[in-house]
Amino acid sequence: MGIDIETEYGGSGLSFFASVLAVEEIAKVDPALSILIHIHNTLVNALIRKVGTAEQKQKYLPILTQSVAGSFCLSEPNAGTDAFALKTVAKKEGSDYIINGSKMWISNSDIAGVFIVMANTNPSAGYKGITCFVVERNSPGLSIGKKEDKLGLRASGTCMVQFDNVRVPESSILGELGKGYKYAAGFLNGSRIGIGAQMVGIAQGCFDATIPYTLERKQFGKKIFSFQAMQHQIAHVATEIECARLLVYNAARLLEAGQPFTKQASMAKYYASGRYKPVMESHSYACHLSGTCVKQFEVSKCRIYSCA
């Protein structure tokens, strides 16, 4: 939970690259859990580490490394990254801010104890009025809706988060006033690398489960792995996965080195996202054939297929 948080706060003190590797490995066996880890590390922990005050770091990072999950609240019913459509507002009242609005499709919100919330403190300024707040789950007026009934990734809670006159102190502002959209845009670029790692992990997990099956199943007196058509397919998919992995690793390397990485992060997410579903179709479905969703042939891969 705190793989790249400094050891002084109880974290592992490892790198962003290490967190990407962790997401990839977890996604091999549980894509939903990888989402929790990815959002927690790449968006919540990272924002507090990079722009939080010393007091905020001391208050939140130790618990975020051990017992409390974080959630990132940007999307709304009518606004995603369209900052001008953001309706959640934070009105200053004395030394406090009063937050009102709704956030939608918020991952981890069912279990999170800490929420990073984007709210507009100056609506007339558009995206330049958006400010980032740290809001705790037990804040009066904060309520969590029911979990969305999704086709896949069902273990990853996705809910609506409602803010009804949620009062937070001025000290809950994360970073500078009016810089929220800048922070969100920047950290979402890093988040794209994590999404790419998830896709690589899902594809690799399916591939790893499928190869032994091709060495067991026989047709026409031969293991299906021995047929050249199957070998061509396996080689093609293995190459696709490795290409996606290298794009992800390159983007992570650039971010870690402080070099421009936005283009590479987008390329990694785009390519990896386009690869894992074909892997599922060509291997989990084509190779397992009628046995795909039978218990002895890895029901978990059917679950992963639904996530595609």
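No value in this document is a laboratory result; all are computed from the given coordinates. Owing to the predicted nature of the structure, the values given are computational and were not obtained by experimental measurement. Cβ: placed from backbone, ideal geometry, glycine included. Neighbour counts: every protein chain shown.
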Seminar exercise, completed: Per 10 angstrom bin, beginning at 0 and ending with the bin that holds the maximum distance, the Cα pairs of the chain fall in percents of 6, 25, 30, 21, 10, 5, 1, 0, 0
Problem set entry | Cα-based Rg and Dmax for segment 131-174, where Dmax is the largest Cα-Cα distance (Å) | 13.3, 40
Problem set entry | Which of Cys73, Cys159, Cys243 has the fewest Cβ neighbours within 10 Å, and the rest in rising order | Cys243, Cys159, Cys73
Seminar exercise, completed: Listed by chain and number, the residues whose amide H is under 5 Å from that of Leu174, excluding neighbours fewer than 5 places away on the same chain and using placed H, are Cys132, Phe133, Val134
For this session: Highest first, please rank the peptides 113-120, 175-182, 256-263, 31-38 by the mean number of other Cβ atoms sitting within 10 Å of their residues.
Result: 113-120, 31-38, 175-182, 256-263
Exercise. How far, in nm, would the chain grow between Asp82 and Leu188 when pulled straight, counting 0.36 nm per residue and subtracting the alpha carbon separation?
Worked result: 36.8 nm
Seminar exercise, completed: By the DSSP-based rule, helices of the chain that are at least 30 Å long along the axis (C-alpha) and have a mean Kyte score of at least -1.0 are 180-216, 228-256
Problem set entry | Within straight-line cross-link reach of Lys57, aspartates and glutamates at Cα separation under 19 Å, skipping those fewer than 8 residues along the same chain | Asp4, Glu6, Glu8, Glu136, Glu170, Glu176
